[in-house]
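Input: a single structure, listed below in structure tokens.
Read-outs throughout are calculated quantities, based only on the coordinates presented, and are distinct from any laboratory measurement. Every value quoted in this text rests on a predicted model; they were computed, and no experiment measured them. Here the Cβ is made from the backbone with ideal geometry for all residues, glycine too, and neighbour counts use every protein chain on show.
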């Protein structure tokens, strides 16, 4: 059990290092690569939590798809170092501070809530998951029966994303 | 503790095995392609050229590892490692044979028996794309950047088709575990035809094979390294062992694809018993035999087909294979319900 | 406790160790002779012109975006395929609904020419 905690600290430290460096580094491509470090370590933490399916999905979607998209966007914008426009300072900075504060409040809220719920057992105990035949089976059973509506709404979200991207990129024809 | 050492031995055997097989893959490729072009192929180093892979390896090890002045050093040096590690890690979940018992201890022929093995493999192969992008971008060379962009766009496009082509086999097995997928293929149709997924999933199989060849950047989809226009694509600037690692990663990925194809569509290690051979070894023999069919297919394609054009490559993926893969899933679903 | 996953961690350490030692070994064994012309970026024998890390084509972005969308779709299909036996016709209908919407996006992208290279 000690091994688990050591591993957790190790992965968490690596993830945090990646996150901090991602913001601190000047070169956007390096930022993306540090983000890769963070995502992979988050996936490792999911493995520690027995959430295998989420772990592989984390790697497959976030590192394998979304970060590639980020890289393409960064490369699309090119390497030119433009001066920071005035709008960024006057408008973006306050907004960023507000959003950051909101995030801090949310994280604190989650931590407090988890302290309250700690020790309470939900429906999906390890035994229930094992009885369903494993992680993926349990997840599938829930997702495609109980949580059908969110699942279908996700497809609308994907539709919007695809149409939006194509529309923006292909405006001229 | 015993568990730990057994796993360690398994890893070392697997690691050594993959590297050795990969080394001889280059030799067989050159021999096969040579024969198909009425040449002889390597025959100077050792008897019938059998020492060629060793000589190649030593040569690459002793060549100058060279970093161009304008390259982004760290990214440039990390790229081959990032291509190599996921390529090998994929092998941790490949089963080579049935479980067996030695001295009362059950041993499975897989390093990590993971229940999401199939997506794990896809996830690892999707990480491999970073090696390519980082190599191209880090080299700061025009050919390399072009090659890397093309290659990564190609790899991610075909990844969709690759993932979708495997859904049919998952539906048949009802599991993502490779062992379960193999077990679902036990038995026969009408008494003698093996119940392999390749028969009900022939469309999925064809799609898988095509997109897998594109995933591994091999002929006829080897545009990223199109030597006639991009010199060598993303690894133009690499020499010595950095180059060797890209080379290793590419060939290991070919082996991986063959392994997945045999497990998902040809029943993996299932096969009739060979007389006087114990069951576990029998399984390994069948697995390797099936894999070598795909490997040969790769070489055969390389010496037969000309390279695709980039627009053809992309439209083949997005306009033909993607709809076919979705249709295949729909048909599999309907057939499973009503037949 | 992630019982079946620790071998992958061990495997990772061994593979990374192999990669590091072999690169270090080649650094030790191989010659290193520096020379100005050699350190130049390769550009078919002429002096490199301009930067290689230029702005890339927007089509790469479109492809990546479509890839993300369809990759997420594929990910929804994996657990669905696993439990398909248990949810049957109900599952088939809901997945058809899900995919029909995405096919709409796909047709839009096709008509807009986003799939042409």
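If each DSSP helix of 4+ residues adds -39,500 (n - 2.57) and the sum is divided by the residues in chain C, what number results at 222 nm, nearest 500 deg cm²/dmol?
Counting only the DSSP helices, I get -25000 deg cm²/dmol.
Enter the Cα centre distance for the pair region B:276-339 and region A:120-173, rounded to the nearest angstrom.
28 Å
Under the √(5λ) rule applied to the eigenvalues of the Cα gyration tensor, what semi-axes describe the equivalent ellipsoid of region C:6-111? Give them in Å, descending.
Working from the Cα gyration tensor, I get semi-axes of 48, 29, 7 Å.
Using Cβ counts within 10 Å as a stand-in for footprinting exposure, how do B:75, A:91 rank, fewest first?
Values: B:75 21, A:91 11.
Ranked by crowding around the Cβ, least crowded first: A:91, B:75.
Given contacts defined as C-alpha pairs under 8 Å and at least six residues apart, what's the relative contact order of chain B, whole-number percent?
22 percent
Could you line up B:27, B:310 from fewest to most neighbouring Cβ atoms inside 10 Å?
Details: B:27 20, B:310 17.
Ascending number of Cβ neighbours within 10 Å: B:310, B:27.
Sorted by mean Cβ packing within 10 Å, highest first, what order do the peptides C:22-28, B:255-261 take?
Averaged packing, sorted descending, gives the order B:255-261, C:22-28.
Would you kindly work out the equivalent ellipsoid of chain A from its C-alpha gyration tensor and give its semi-axes, the square roots of five times the eigenvalues, largest first in whole Å?
Semi-axis lengths for chain A are 34, 24, 18 Å.
Give me the base-10 log of I(q)/I(0) for the protein assembly as shown at each q in 0.05, 0.06, 0.09, 0.11 Å⁻¹, Debye formula, one uniform scatterer per Cα, rounded to two decimals.
-0.23, -0.33, -0.78, -1.21
Arrange B:124, A:4 by Cβ neighbour counts within 10 Å, fewest through most, would you?
Fewest-to-most Cβ neighbours within 10 Å comes out as A:4, B:124.
Which three semi-axes in whole Å describe the equivalent ellipsoid of region B:66-338, each the square root of 5 times a Cα gyration tensor eigenvalue, listed largest first?
Working: eigenvalues 240, 103, 49 Å².
The equivalent ellipsoid of region B:66-338 has semi-axes of 35, 23, 16 Å.
What average count of beta carbons from other chains do you get within 10 Å of the Cβ of residues in B:171-177?
6
How many Cβ atoms of partner chains, on average, are near each residue of C:107-115 if near means within 10 Å of its Cβ?
Other-chain Cβ atoms within 10 Å of each residue's Cβ, averaged: 5.
Expressed as an acute angle from 0 to 90° and rounded to the nearest 10, what is the orientation of the C-alpha long axis of helix A:2-24 relative to the principal long axis of chain A?
20 degrees
Can you tell me the Rg and Dmax of region A:126-173, counting just the alpha carbons, in angstroms?
Taking only Cα atoms of region A:126-173, I get Rg and Dmax of 17.5, 57 Å.
Using only Cα atoms, tell me the angle between helix C:6-29 and the longest principal axis of chain C; keep it within 0 to 90° and round to the nearest 10.
Helix C:6-29 sits at roughly 20 degrees to that axis.
Calculate the translational D of region A:1-80 in whole µm² s⁻¹ from Stokes-Einstein, where the hydrodynamic radius comes from the Kirkwood formula applied to all Cα pairs, the temperature is 37 °C and the viscosity 0.692 mPa s.
Roughly 248 µm²/s, to the nearest whole number.
With r as the distance between the Cβ atoms of residue B:38 and residue A:103 and R0 = 56 Å, compute the FRET efficiency 1/(1 + (r/R0)^6) and round to 0.05.
FRET efficiency, residue A:103 to residue B:38: 0.25.
Just tell me how shielded B:203-214 is by partners: mean number of partner chain Cβ atoms within 10 Å of each residue's Cβ, no decimals.
0
State, as an integer percentage, the relative contact order of chain A based on alpha-carbon contacts under 8 Å between residues 6 or more apart.
Once normalised by length, the contact order is 14 percent.
How far apart, in nanometres, would the label points at residue B:188 and residue B:70 be if each is projected 7 angstrom from Cα along the Cα-to-Cβ direction?
Simple spin-label model gives 6.5 nm for this pair.
Taking Cα atoms, how many degrees apart are the long axis of helix B:129-139 and the longest axis of chain B, rounded to 10 and kept between 0 and 90?
The angle comes out near 0 degrees.
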